[in-house]
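Student: Dumping the structure here so I can ask a few things about it.
Please treat every number below as a calculation from the coordinates, not as lab data. All values derive from a computational prediction rather than experimental measurement. Note: ideal-geometry Cβ built from the backbone for every residue, glycine included; neighbour counts use all protein chains shown.
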Amino acid sequence: MTIYNLYIFDRIGTCLYYGEWNRKKQSGMPRDEEFKLMYGMLFSIKSFVTRISPTDVKDGFLNFKTSKFRLHLYETASGLKFVLNTDLSVGSVKDVLHEIYRTIYVEYVVKNPECDLTRTIDAELFKQKLEDYVRALPIFASRTDGII
Amino acid sequence: MADDVIFDLLHSEIVAFLHRTTEKDNQDQCINKLESLGFRIGQSIVERFTKESPRFKDDLDIMKFICKEFWSAVFKKQVDNLRTNHQGVYVLQDNKFRFLTQMSSGKQYMEVAPKYLAMSCGVIRGALANIGINSVITAEVSAMPSCKFQIQLQRT
C-alpha cells in the first residue's frame with residue numbers, strides 16, 4: 001500500500017502544491033508541463049464522465065485505475081482539486097483527501113495571512129503538517145527496498 | 001455564538017488592507033494606525049469585562065488580570081509566562097499566540113510578524129489606559145508562534 005504523489009490545483013488550473021513520496025518513474029517532461037497535462041486531462045475526464053454517464057450522475061468522476069496505479073480526485077465546493085496517486089491496493093481515499101483539505105489546507109493556508117491563495121504554497125508549516133499527516137496514514141507504508 | 005475564525009480572518013484582512021491602501025513611503029505608518037485601532041478596541045473591551053469585578057488592589061493585580069481573564073477572552077488562552085522587575089516593567093510571554101499559530105512554527109515569515117502584533121499591542125494598551133494606567137508596549141518575536149510583550153507602566 002503506497003502513496004506515490006499528490007497534486008493540489010486551484011479553480012483555474014494553477015498547481016498550488018506538488019508532493020512526491022514514492023514516485024518510481026518520472027514523466028520525462030518539465031514539471032509545469034506535467035501540471036498542465038494533469039489538469040487538462042482531469043478537466044476533460046470530468047466533463048466526459050458527466051456527459052456520457054448512462055445513469056444519473058451522483059458524484060461524477062472519483063478515480064481511475066491502470067494496471068499499476070490508481071488516481072483519485074477530490075474536488076471541493078470552491079473548485080480546489082486534490083489529486084492523489086496510489087497503488088492498486090488502496091480503496092477510496094475520499095475521507096483522507098477531505099481531511100487534508102479540512103485540517104491542513106484550510107488551517108495552514110487559508111488562515112495564513114501571508115499565503116496568497118492563487119499562487120503556489122510557500123508556507124513551510126503547511127508542508128510540514130502535510131508530510132507528517134501523509135506519512136502517518138495507514139495506506140502509506142512505504143516499501144523497504146531503499147526507494148524513497 | 002460567533003465563530004472565532006471570523007475575527008482571525010478579519011484581523012488578517014485589516015492588516016493586508018491597510019498595507020495595500022497606503023502609499024509606498026507611508027508603510028511604517030501602518031503599524032501606528034493598527035496600534036491606534038487596537039487602542040480603541042482595548043478601551044471598550046475592558047469596560048465590558050470588568051463590569052462586575054472589584055477594584056484592583058495594585059499593579060501586580062492588574063497584570064494578573066490581563067494575563068488571565070483578559071488574555072483568555074481576547075486570545076483564547078492564558079499568558080504562559082509573566083516576568084517583572086518590580087519597577088513597572090512586565091514581560092508577558094505567550095507561546096502560541098493566536099494570530100501567529102497558523103503562519104509558521106520557526107523562522108519563516110518572521111520579518112512580517114510585527115504587522116500582525118501591532119493591533120494586539122494597541123488592544124492591551126487601550127485596556128490598561130481605561131483601567132487608569134498609561135503604558136508603553138512593545139512586542140518581539142524570536143521563534144514563531146511564541147512572542148513576548150514588554151509592558152512599561154507609567155504611573156504618576
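Student: From zero up to wherever the largest Cα-Cα distance of the range B:1-135 sits, split into 5 Å bins and tell me the percent of pairs in each.
Tutor: Here the calculated profile for the range B:1-135 is 2, 9, 17, 22, 21, 15, 9, 4, 1, 0.
Student: In addition: Tell me the mean residue ellipticity at 222 nm calculated for the protein assembly as shown from its helices only (DSSP H runs of n ≥ 4, each -39500 (n - 2.57), averaged over every residue, nearest 500).
Tutor: That comes out to -12000 deg cm²/dmol.
Student: Right, here's the next one. How large is the dipole of the range B:73-156 about the Cα centre if only Lys and Arg carry +1 and Asp and Glu carry -1, each at its Cβ, rounded to the nearest 20 debye?
Tutor: My answer is approximately 140 debye.
Student: As a test of understanding, state the convex hull volume per residue of the range A:60-119 from its alpha carbons, in Å³. Could you put the intermediate results ahead of the total?
Tutor: Numbers: hull volume 5.8 nm³, N = 60.
Looking at the range A:60-119, the number lands at 96 Å³ per residue.
Student: Between B:Asn85 and A:Phe48, what is the spin-label point distance in nm, taking each point 7 Å from the Cα along the Cα→C-beta axis?
Tutor: A separation of 7.2 nm, rounded to one decimal place.
Student: If you find the alpha carbon centre of the range A:36-67 and of the range B:40-90, how far apart are they in angstrom?
Tutor: Answer, in whole Å: 57.
Student: Say the dipole of the range B:18-156 comes from +1 at the beta carbon of Lys and Arg and -1 at that of Asp and Glu; which of B:Phe99, B:Ser142, B:Leu128 then lies farthest toward its positive end?
Tutor: Of the listed residues, the answer is B:Phe99.
Student: While we're looking at this one, here's another question. Quick one: what do you get for chain A if you divide its Cα Rg by 2.2 N^0.38 Å?
Tutor: 1.05
Student: Could you work out, residue by residue across B:93-106, how many beta carbons of other chains sit within 10 Å of that residue's beta carbon, and then give the average as an integer?
Tutor: 3
Student: Beyond 36 Å, what share of the Cα-Cα pairs of the protein assembly as shown remains, rounded to the nearest whole percent?
Tutor: Numbers: 16702 of 46056 pairs.
The calculated P(r) of the protein assembly as shown puts 36 percent of pairs beyond 36 Å.
Student: Shielding by partners for A:106-117, please: the mean number of other protein chain Cβ atoms within 10 Å of each residue's Cβ.
Tutor: Mean inter-chain Cβ contacts per residue within 10 Å come to 5.
Student: Separate question: Work out, step by step, the length gained on full extension between A:Val57 and A:Thr103: first 0.36 nm times the residue separation, then minus their alpha carbon distance; give nm to one decimal. The partial results should precede the final answer.
Tutor: Details: separation 46, 0.36 × 46 = 16.56 nm, distance 2.84 nm.
Contour length minus Cα-Cα distance gives 13.7 nm.
Student: Based on C-alpha coordinates, I'd like the Rg and Dmax of the range B:57-111, in Å.
Tutor: Taking only Cα atoms of the range B:57-111, I get Rg and Dmax of 13.2, 42 Å.
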